[in-house]
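Trainee: Just passing along the structure, written as structure tokens.
The values are calculated or read from the model by the stated rules, or taken from the named source; none is laboratory data. As the structure is a computational prediction, the values presented were derived from the model and not from experiment. Backbone-built Cβ (ideal geometry, glycine too); neighbour counts: all protein chains shown.
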Amino acid sequence: MRLRKKVALITGAGKGIGRATAELFAKEGAFVEIAEVDDAAAQEAVRAIHQAGGEAAATHVDVSDQASVESWRAQVLARHNRVDVLFNNAGVSAVGALHDVPEELWEKVVAVNLTGVYRVCKAFLPTMIAQRGGSIINMSSSIVHTGLLRRAAYSATKGAILAMTKSMQVDYAPYNIRVNALLPGTIFTPFVEQYLRESYDNPEEAKGALRQRQLAPELGTPDDVAYAALYLASDEARYVWGSGLIVDGGTTAGKPY
Ligand SMILES: NC(=O)c1ccc[n+]([C@@H]2O[C@H](COP(=O)([O-])OP(=O)(O)OC[C@H]3O[C@@H](n4cnc5c(N)ncnc54)[C@H](O)[C@@H]3O)[C@@H](O)[C@H]2O)c1
């Protein structure tokens, strides 16, 4: 019970890494508040948590929409009047070399992956400041350390998230708020499945190629990242401030051959 009695907010927790983290946080004693655009997936996540004996609620939230985030803030604070953990996980992909990325796609990926994190943090920081504590986890990616084919727009947002995390940490340190980033490598989720489908004629072959660019024998799973998020969320990480925690099977550590 590493998160006993904590209120943990997770965006994009209907699927993939967010879903695995929501289930793990609930198992560790947190009340999990899920913000999702995919209502069916969010309800399914809440059902699974309740079935396992945990506590959770889901709200329809589009992190790129200010009114939607404001309404979520009001609901969460009415229920708990505190926020212990805020995991900004929601994200969308954008595939294409920079000159191939249409402006609407650029704007969408920035609106969700970057401005969405700004909006959600802005909504809940006053509460964390007033309570003099909290843990914010921002989802970046190991792509910030090694470029990746046809991902310029996406990597721009994830690089900005890592930089923003460090400056946020400086600003909120006086309030005992820890702000860290997570940098996963290739985690096999619906997000990656979609990327493989959209980008390659033979997605299975491409999956094998992804495995070869890392040192670990298998691609990561959502649980691999969920356990890292659990660490950053818990008091065990009380001395971890403004870090970018890499969870990438060695992709950025060195070349396999
Ligand atoms: N899967 C990977 O290999 C990988 C690697 C590095 C970083 N990441 C990052 O991890 C995060 C989660 O990725 P995933 O692979 O679990 O993706 P996923 O697509 O499986 O899950 C993302 C969830 O976010 C939700 N979402 C999308 N836009 C939203 C919005 N505007 N408001 C609220 N919710 C929204 C989706 O409905 C979905 O349930 C993303 O930020 C992604 O960039 C993933």
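Trainee: If only one of VAL120, VAL109, VAL144 is touching a residue at least 60 places away in the same chain (Cβ under 8 Å), of a type in the set (Val, Ile, Thr) and closer than 17 Å to SER64 by Cα, which one is it?
Mentor: Going through VAL120, VAL109, VAL144 in turn, the sole match is VAL120.
Trainee: Ok, one more. Out of the residues in segment 1-33 that are assigned to a strand (DSSP E or B) and within 14 Å of ASP84 (Cα to Cα), state the one that is nearest to the ligand (Cβ to nearest atom).
Mentor: That would be ILE10.
Trainee: Restricting segment 209-224 to residues that are closer than 21 Å to GLY147 by Cβ and of a type outside the set (A, V, I, L, M), which is surrounded by the fewest Cβ atoms within 10 Å (Cβ to Cβ)?
Mentor: GLN212
Trainee: Moving to a separate point now. Check segment 79-86 and report whether any residue there is charged (D, E, K, R), within 20 Å of ALA130 (Cβ to Cβ) and surrounded by 15 or more Cβ atoms within 10 Å (Cβ to Cβ).
Mentor: yes
Trainee: Please enumerate the residues belonging to segment 225-246 that are surrounded by fewer than 19 Cβ atoms within 10 Å (Cβ to Cβ) and β-branched (Val, Ile, Thr).
Mentor: The answer is VAL240, and nothing else.
Trainee: Mind listing just one residue for me: the one in segment 129-145 that is more than 12 Å from PHE87 (Cβ to Cβ) and within 19 Å of the chain's Cα centre (by Cα) and, of those, farthest from the ligand (Cβ to nearest atom)?
Mentor: It comes out as HIS145.
Trainee: How do the pairs read when you match residues in segment 80-102 that are within 17 Å of ASP62 (Cβ to Cβ) with residues anywhere that are among the polar types (S, T, N, Q) and at pLDDT below 95, using Cβ under 6 Å and keeping only pairs 6 or more apart or on different chains?
Mentor: From residues that are within 17 Å of ASP62 (Cβ to Cβ), there are no pairs.
Trainee: Could you count how many residues in segment 167-202 are surrounded by fewer than 16 Cβ atoms within 10 Å (Cβ to Cβ), more than 16 Å from the chain's Cα centre (by Cα) and either within 8 Å of the ligand (Cβ to nearest atom) or in a helix (DSSP H, G or I) (or both)?
Mentor: 11
Trainee: Could I ask something else about it? Cβ-Cβ distance below 8 Å, separation of 6 or more or different chains: which pairs start in segment 180-193 with a residue that is under 14 Å from TYR231 (Cβ atoms) and end on one that is among the aromatic types (Phe, Trp, Tyr) and near the ligand (Cβ under 7 Å from one of its atoms)?
Mentor: Filtered contacts from segment 180-193: no entries.
Trainee: Quickly run through segment 93-112 and pick out the residues that are within 13 Å of the ligand (Cβ to nearest atom) and closer than 12 Å to ARG151 by Cβ.
Mentor: SER93, ALA94, VAL95, VAL109 - these are the residues of segment 93-112 that are within 13 Å of the ligand (Cβ to nearest atom) and closer than 12 Å to ARG151 by Cβ.
Trainee: Which of the residues spanning segment 70-92 are within 12 Å of the ligand (Cβ to nearest atom) and either more than 23 Å from ALA163 (Cα to Cα) or polar (S, T, N, Q) (or both)? Steps first, answer last, please.
Mentor: To start, the set of residues in segment 70-92 that are within 12 Å of the ligand (Cβ to nearest atom) comprises 72, 87-92.
Correct list: TRP72, ASN88, ASN89.
Trainee: Contact list please: Cβ distance under 7 Å, first residue in segment 223-249 and free of Cβ contacts under 8 Å to residues at least 24 places away in the same chain, second residue more than 16 Å from the ligand (Cβ to nearest atom), pairs at least six apart or on different chains.
Mentor: Close Cβ pairs (under 7 Å, with a partner that is more than 16 Å from the ligand (Cβ to nearest atom)) amount to TYR231/ALA237.
Trainee: Here is a further query. I'd like the full set of residues that are in a loop (DSSP other than H, G, I, E, B) and surrounded by 17 or more Cβ atoms within 10 Å (Cβ to Cβ), limited to segment 96-127. Working first, answer last.
Mentor: First pass over segment 96-127, keeping only residues in a loop (DSSP other than H, G, I, E, B): 97, 101-102.
Once the filter is applied, which keeps residues that are in a loop (DSSP other than H, G, I, E, B) and surrounded by 17 or more Cβ atoms within 10 Å (Cβ to Cβ), segment 96-127 yields only VAL101.
Trainee: Condition check: hydrophobic (A, V, I, L, M, F, W, C), in a helix (DSSP H, G or I) and out of contact with any strand residue (DSSP E or B) (no Cβ under 7 Å at 6 or more places or on another chain). Does ALA42 satisfy that?
Mentor: no
Trainee: Would you call PRO126 in contact (Cβ under 8 Å) with a residue 60 or more places away in the chain and out of contact with any Ser or Thr (no Cβ under 9 Å at 6 or more places or on another chain)?
Mentor: In short, no.
Trainee: Kindly indicate which of VAL83, VAL69 is under 17 Å from the mean Cα position of the chain (by Cα), in a helix (DSSP H, G or I) and closer than 18 Å to PRO126 by Cβ. Quick ask: steps written out before the conclusion?
Mentor: On the way: VAL83 fails: in a helix (DSSP H, G or I).
When all the criteria are applied, what remains is VAL69.
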